[in-house]
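The values are calculated or read from the model by the stated rules, or taken from the named source; none is laboratory data. None of these values were measured; they are calculated from a predicted model. Every residue, glycine as well, gets a Cβ built from its backbone with ideal geometry; the counts of neighbours run over all protein chains shown.
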Amino acid sequence: MGQRKNFASTLKTRLDTYFASPVKKNGGDLQKEIRIVEENPILSGLLHSVSGILAILNEQRQIIALNDSLLDMLGIDNPSQVLGLRPGEAIHCIHAKDGPAGCGTTKFCSSCGAAIAIVSSFSENIPVEKICALTAQKGSKNVDMALLVKAHPIEIEKQRFLLLFLQDITLQQQRAALERTFFHDMNNMLNILLQASELLLEDFPDELSETIYQTAIRLHKEVAIQRCLAETETSSYQPLWHEYRVEKIFTELQSLFANHPAKNGKTIEFSNVFPVTTIKTDVSALLRILSNMLINALEATAENGVVKIWSELKENSLNFHVWNDKEIPENIRGRIFQRNFSTKKQAGRGIGTYSMKLFGEKILGGQVDFTSSKEEGTIFRFSQRL
C-alpha cells in the first residue's frame, strides 16, 4: 500500500512540471530557513554590502532573503511580499503562472537561462552563469528584459542554499543587436555602392568618377573602423595597404579640419615640409589616428591657441607629431590610452586616445606614445616603419 502511495505521489510530481521540481516549502519549514539566513552574519553582511542585485534561494528555488537592489528592481518596500516566491514569480515573468506549480515547472522553463542556472548549480554543486531572456509584466504592459544570472551554491548549518546574482543587461543586449543589424545592412549597401562606383570609373574614366570611387572606398573603411571600435577585438578590421603621398595625407587633414567644431577660435599649423614622398599604409586608419591626435590637442588648447602637426624621418620610420602647449597632469598620464577613461564628464568619451593605440599599434603595427611637461607642452607621436 505504501509503495502504491509513493508511486502515485511521484507520478503527480512529474505531471506537475515540465522541468524542475514543483515542490515548495511553506509555513514553519520556510520560516526556519528564513531565520537561518537572517541570523547568519556572513549572509547578512553580504546582503547589505553587495551593490548588485542579490537573492538567496532554498533548495526548492524559493526566495528566502534579498537585498535592497532587488527590492528596488521589483518596486516594493516590504521583503515579506516576495519571501517564499520563486524568482520568476517575484519578477512577474509572464510564464510563471502557466503551470500549476509555477516558476521553473512550465513548458517554457527548460529554455529559461535563470531556471537552467539555478537547477544546474544545485545539481552539480558549482557556480553557473547564464543569460536569461524574459518578458515581465509591469503594470498593464509586458516588458522584454535580459538578465545576466549567476547562481552560486553554499552550505549553511548543513543545509544547501543558493546565492543568485542578477544583472540587468537589457540595454547592452539591445545595443549589441542594433549594432550587428546596422553594420550588416551598411556593409551590404556599401558593397553595392563600391561595385557601382568601380563600374562607373571603368566606363566613364574622369575626375568625378574617380572622386566617387575613392569616396566610396573611404566610406566603406570608415564604417569598418566604427565597427572595430564598437567591438572588443580588432579581428573584423582588415587594413587596405597602399602607397600614399605624405603631402596628400596633410592635405586631407587640412580639409577635414577646415570647419571642424573643435577648431573654433584656434589655429592648426600644418607643416609643408615632408621628409619622404610616400608611405605604405592604410590611409583610413592613419587619418583616424592623426585626427584623434588633433582633436585631443585642440580640446586641451585655450581659445586663440595654436596646435602644430608635422612629420619627420627617424631610423627608417616616419613619425607624425601633434603638439599643444598644455601639460597632461602626471596622475592621469598612465591612463591616457585606457578605453573609456576620460577627464570629460560627457557620456561616450574615452575612445579617441584608445583608438590611437588600437589602430596605430594593433592594426598598422607602428607605435603610439606621447611626452608631456610644463615647459615643453604635450606631443603625441605615431611612428610607422617605411
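Assess whether Q173 counts as being surrounded by 17 or more Cβ atoms within 10 Å (Cβ to Cβ), among the polar types (S, T, N, Q) and under 21 Å from the mean Cα position of the chain (by Cα). For Q173, the condition - surrounded by 17 or more Cβ atoms within 10 Å (Cβ to Cβ), among the polar types (S, T, N, Q) and under 21 Å from the mean Cα position of the chain (by Cα) - is met.
When each of F161, F204, F182 is tested for being modelled with pLDDT of 85 or more and either among the β-branched types (V, I, T) or not assigned by TED's automatic domain parsing to the domain that holds V119 (or both), the lone residue that passes is F204.
Out of curiosity, is C132 within 31 Å of the chain's Cα centre (by Cα), in contact (Cβ under 8 Å) with a residue 24 or more places away in the chain and within 21 Å of I169 (Cβ to Cβ)? Considered against the rule, which asks whether it is within 31 Å of the chain's Cα centre (by Cα), in contact (Cβ under 8 Å) with a residue 24 or more places away in the chain and within 21 Å of I169 (Cβ to Cβ), C132 comes out as no.
I363: at pLDDT below 95, touching a Pro at 6+ places or on another chain (Cβ under 7 Å) and not assigned by TED's automatic domain parsing to the domain that holds H220, yes or no? For I363, the condition - at pLDDT below 95, touching a Pro at 6+ places or on another chain (Cβ under 7 Å) and not assigned by TED's automatic domain parsing to the domain that holds H220 - is met. One residue stands out among those in the range 196-247 that are of a type outside the set (F, W, Y) and in contact with a strand residue (DSSP E or B) (Cβ under 9 Å, 6 or more places away or on another chain): the one that is farthest from L318 (Cα to Cα), which is P239. Looking at the range 214-223, is at least one residue outside the structural domain of N40 (by TED's automatic domain parsing) and either within 30 Å of P87 (Cβ to Cβ) or assigned to a strand (DSSP E or B) (or both)? Looking for residues that are outside the structural domain of N40 (by TED's automatic domain parsing) and either within 30 Å of P87 (Cβ to Cβ) or assigned to a strand (DSSP E or B) (or both), one finds none in the range 214-223, hence no. Against the criterion of being among the aromatic types (F, W, Y), surrounded by 14 or more Cβ atoms within 10 Å (Cβ to Cβ) and within 24 Å of Q60 (Cβ to Cβ), F182 does not qualify. Report, by residue number, each residue of the range 147-175 that is closer than 19 Å to Q60 by Cβ and outside any strand (DSSP E or B). Within the range 147-175, E157, K158 meet the criteria.
Just to be sure before I move on: is G366 within 24 Å of W241 (Cα to Cα) and of a type in the set (G, A, S) in the structure I sent? Yes; evaluated as a whole, the condition is true for this residue. The sole residue among K150, K141 that is among the basic types (K, R) and out of contact with any helix residue (DSSP H, G or I) (no Cβ under 8 Å at 6 or more places or on another chain) is K141. Go through the residues of the range 360-373 one by one and say whether even a single one is in contact (Cβ under 8 Å) with a residue 12 or more places away in the chain, assigned to a loop (DSSP other than H, G, I, E, B) and surrounded by fewer than 15 Cβ atoms within 10 Å (Cβ to Cβ). Yes - at least one qualifying residue is present in the range 360-373. Filtered by the rule that a residue be crowded, with 20+ Cβ neighbours inside 10 Å and either in a helix (DSSP H, G or I) or of a type in the set (D, E) (or both), the range 296-312 gives N296, A297, L298. Consider the range 239-284 and keep the residues that are in contact (Cβ under 8 Å) with a residue 40 or more places away in the chain and assigned to a helix (DSSP H, G or I). The one that is farthest from the chain's Cα centre (by Cα) is V246. Among the conditions (1) out of contact with any Cys (no Cβ under 9 Å at 6 or more places or on another chain); (2) modelled with pLDDT of 85 or more; (3) surrounded by 11 or more Cβ atoms within 10 Å (Cβ to Cβ), the only one that L166 does not satisfy is (1).
The criterion of at least 1 residues that are within 24 Å of R160 (Cβ to Cβ) and not assigned by TED's automatic domain parsing to the domain that holds L162 is met by none of the helices (runs of 4 or more DSSP H) falling completely within the range 32-146.
Any residue at all in the range 189-203 that is surrounded by 12 or more Cβ atoms within 10 Å (Cβ to Cβ), within 30 Å of S69 (Cα to Cα) and among the charged types (D, E, K, R)? No. Pairing each residue of the range 205-225 that is touching a residue at least 24 places away in the same chain (Cβ under 8 Å) and under 26 Å from F182 (Cβ atoms) with any residue that is surrounded by fewer than 14 Cβ atoms within 10 Å (Cβ to Cβ) and among the hydrophobic types (A, V, I, L, M, F, W, C), provided the two are 6+ apart or on different chains, yields no C-beta distance under 6 Å. Here A20 meets each of (1) surrounded by fewer than 11 Cβ atoms within 10 Å (Cβ to Cβ); (2) touching a Gly at 6+ places or on another chain (Cβ under 9 Å) with one exception, condition (1).
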